[in-house]
Each structure stands twice: as structure tokens, then as C-alpha cells.
1. Quick check on residue 263: is it small (Gly, Ala, Ser), out of contact with any Lys or Arg (no Cβ under 8 Å at 6 or more places or on another chain) and either on the phi < 0 side of the Ramachandran plot or crowded, with 16+ Cβ neighbours inside 10 Å (or both)?
2. Please go through (1) in a helix (DSSP H, G or I); (2) more than 22 Å from residue 64 (Cα to Cα) for residue 151 and return the number of the only condition it doesn't satisfy.
3. Restricting the stretch 274-288 to residues that are within 19 Å of the chain's Cα centre (by Cα) and either among the basic types (Lys, Arg) or at pLDDT 90 or above (or both), which is nearest to residue 235 (Cα to Cα)?
4. Residues to consider are 196, 207, 234; find the one that is buried (at least 18 other Cβ atoms within 10 Å of the Cβ) and in contact with a Cys (Cβ under 8 Å, 6 or more places away or on another chain).
5. When the stretch 9-56 is examined, which residues are found to be assigned to a helix (DSSP H, G or I) and surrounded by 15 or more Cβ atoms within 10 Å (Cβ to Cβ)?
6. Hey, could you check the stretch 89-124 for residues that are in contact with a Gly (Cβ under 9 Å, 6 or more places away or on another chain) and open to solvent by 20 Å² or more (accessible area, probe 1.4 Å) and say which is nearest to residue 49 (Cα to Cα)?
7. Every residue in the stretch 73-87 that is crowded, with 22+ Cβ neighbours inside 10 Å and within 13 Å of residue 142 (Cα to Cα), please.
8. Being among the polar types (S, T, N, Q), over 27 Å from residue 273 (Cβ atoms), modelled with pLDDT of 95 or more and under 19 Å from the mean Cα position of the chain (by Cα) narrows it down to one residue among 135, 139, 151, 66; which is it?
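The values are calculated or read from the model by the stated rules, or taken from the named source; none is laboratory data. Worth saying up front: this structure is predicted, and the values here are computed from it rather than measured. FYI the Cβ positions are ideal-geometry reconstructions off the backbone, even for glycines, and counts take in every protein chain you see. SASA here: full protein model, heavy atoms, side chains in, ligands and nucleic acids out. Shrake-Rupley method; radii C 1.70, N 1.55, O 1.52, S 1.80 Å.
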Amino acid sequence: FIGQELAKALLKRETLSGHKIEKLVLFDIVERETALSKDARVEVVQGNISNAATVNTVLETDKPLTVFHLSSIMSGQGEQDFDLAHSVNLTGTLNVINNLRNRSDTPKIVFTSTCAVFGPQETVSNETRLLPQTTYGCTKACCELLLNDYTRKGFLDARIARLPTVIVRPGKPNAAASSFCSGLFREPLQGVDVEIPVPLDTKVFLIGYPSVIGNLIELHELPVEKFTFDRTAILPGFTQTVSEMVESLKKVHAEVMPKKPLGKIIVKVDPQIHKIVASWLTNGECANAKRLELQQSDLPEAIIKQFIIDFL
């Protein structure tokens with residue numbers, strides 16, 4: 001989802017760092033139908049990021065190269081399949097950055113990490129010790145360290161975005177433990193009942209998808225002088241309880257689509273998912289993001305309205 005929306009934005013802007021976007025490769029494990037393939041600049045490639053030979057083929061070019069690396073096995077699925085999480089999140093990232101290391105230039109890579117690297121700490125900053133309590137968070141923390149080191153060595157130019165939970169994702173629920181945060185809005189707006197696997201007083205650190213897209217591009221475009229030895233930035237989000245999220249949904253529904261029935265929201269706590277969500281931070285101090293002048297996320301009501309315009 002983020003990849004598709006990012007691709008749309010890149011095609012619309014037509015340039016990156018002063019270079020015309022002549023080719024945009026969309027690389028994924030599954031074959032996806034996308035309207036973007038109608039654009040002559042777009043090439044859709046199906047393959048496994050865990051396969052080094054495949055990655056090398058995808059990245060083969062003698063022209064200036066930029067990588068937006070979004071691929072990941074998320075929290076819930078990562079807890080169920082440890083080996084897969086390591087294969088995709090860690091080995092896959094190594095395949096990408098080792099390819100970039102062997103180029104004659106110093107390519108940029110924008111990497112999406114996660115606030116799950118911090119573990120169950122209420123308020124964190126970029127200086128907070130990393131204590132991930134999921135395999136997803138652990139592998140992302142490993143990748144952050146590798147990217148910082150590859151940058152230090154001059155192999156590449158990494159920019160790392162630590163994402164809060166992104167809302168509102170369209171389509172079907174995914175295997176992430178945070179999937180309910182989008183489902184809470186998405187399903188009821190379509191008249192479908194939804195079960196929420198955590199208590200209503202659960203706090204979640206959130207960010208709207210439009211600001212994620214804008215900030216990933218902005219991170220890429222920033223001059224290298226803006227960065228220190230630490231290439232990470234917690235993207236600016238906000239904290240709400242599930243109960244507050246529900247109230248935001250009801251307010252937007254009454255304002256924008258009052259004649260359409262709103263699906264029911266049913267709390268049915270899943271101990272495994274609740275345990276994972278409880279291991280996440282609930283507030284992030286975004287000093288690096290502010291210093292880099294990254295954009296603050298809209299609040300839920302604006303995000304929900306934009307989701308309705310974009311996807312419903």
C-alpha cells in the first residue's frame with residue numbers, strides 16, 4: 001500500500017534530486033495488478049528479496065539509482081514465523097545494501113523502520129536505547145545499525161524513517177498486529193462489523209499515510225549535510241487510545257456519510273495481539289524529524305476524510 005502510494009507520488013513529481021525519473025521498478029514477492037503499469041516508466045517485477053541473485057538483477061543499472069526499501073514481514077506474522085522474518089527483513093536488506101555497496105557511486109536508500117525497535121517504553125527519543133520485544137522490531141533494529149555503518153563507511157547514503165502505526169490502510173487486513181488500527185476505520189465505513197483485539201484504553205502511536213509518503217520523499221531530497229552520524233528519524237505522529245479513535249470515526253461518519261450505516265465495533269481481546277501491541281511505545285519525541293523539518297501528521301479526522309476521498 002505505502003509502496004503503491006509512494007510510486008504514484010514519485011511519478012507525479014517526475015524528478016528526484018534533480019534527476020528525471022526515467023524508470024521506476026516496483027519489486028514485490030506477489031504479482032499485483034496495478035494501474036501504474038500503464039505508465040511507460042514503470043516496470044513491475046515479481047521476486048523474492050531473500051534471493052541475492054534476484055535482487056542483483058532488479059538493481060542492475062548504469063544510471064543514477066535510488067532505492068526506497070519498504071519490504072518487511074510485519075509484527076504478527078514475524079512472531080509466527082521467525083525464520084521468514086529473518087529471511088525477508090534481515091537477509092533481504094543485506095542483499096539490497098551489499099548490491100549498493102558494490103556500485104561505483106554512493107546511492108541513496110530510504111529505509112522504512114519502525115517504532116517497534118524501542119519496545120515497551122512510554123516516551124522515547126532517537127537517543128533511547130533499543131529494546132525490541134518482537135522479531136519484527138529486532139530485525140529492523142539490526143538493519144538500522146547496518147545502514148548507519150554502511151553509510152559511515154561511504155558505501156551508500158541511508159535515510160531511515162521510524163514509522164508509527166500507519167492509518168488508514170485500504171484493502172483487506174494484513175498480518176501485522178497493528179492491522180486493527182486501520183480496520184477500525186476501514187470496515188465500519190463500508191458498513192462491515194469489525195472486531196478489535198485490544199482493550200479500548202490501549203494507547204497507540206499513529207501517523208497518517210499521506211504524511212508518510214511526503215516524509216519519505218522529503219528524507220530522500222534532504223542534502224547530506226542535514227544529517228549526523230545517526231541516520232534515523234522518528235516520523236512525527238500522535239498518540240490516541242482506541243476509544244478516541246472510535247470517537248473520531250463516529251464524528252467523521254456523522255459529518256461526511258450520515259445516511260450510510262456504520263458497521264459495529266466489537267471488542268474481542270486477542271491475548272497474543274494485545275501482548276504485542278503492549279510492547280510498543282506510546283509516544284515518540286521527534287527531535288530529529290523536527291530538525292530535518294519533516295511534516296507533522298494530520299490528526300485522525302483529517303486522515304479519515306482523505307481516506308474516504310482516496311479509496312471509498
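1. Working: small (Gly, Ala, Ser): yes; out of contact with any Lys or Arg (no Cβ under 8 Å at 6 or more places or on another chain): yes; either on the phi < 0 side of the Ramachandran plot or crowded, with 16+ Cβ neighbours inside 10 Å (or both): yes.
Against the criterion (small (Gly, Ala, Ser), out of contact with any Lys or Arg (no Cβ under 8 Å at 6 or more places or on another chain) and either on the phi < 0 side of the Ramachandran plot or crowded, with 16+ Cβ neighbours inside 10 Å (or both)), residue 263 qualifies.
2. With respect to (1) in a helix (DSSP H, G or I); (2) more than 22 Å from residue 64 (Cα to Cα), residue 151 is out only on (2).
3. The residue in question is 277.
4. Details: 196 fails: in contact with a Cys (Cβ under 8 Å, 6 or more places away or on another chain); 207 fails: in contact with a Cys (Cβ under 8 Å, 6 or more places away or on another chain).
234 is the lone residue from the list that is buried (at least 18 other Cβ atoms within 10 Å of the Cβ) and in contact with a Cys (Cβ under 8 Å, 6 or more places away or on another chain).
5. To start, the set of residues in the stretch 9-56 that are assigned to a helix (DSSP H, G or I) comprises 9-13, 35-38, 52-56.
Selection gives 10, 36, 52, 54, 55.
6. Restricting to residues being in contact with a Gly (Cβ under 9 Å, 6 or more places away or on another chain) and open to solvent by 20 Å² or more (accessible area, probe 1.4 Å), the top hit is 106.
7. 85
8. The conditions single out 66.
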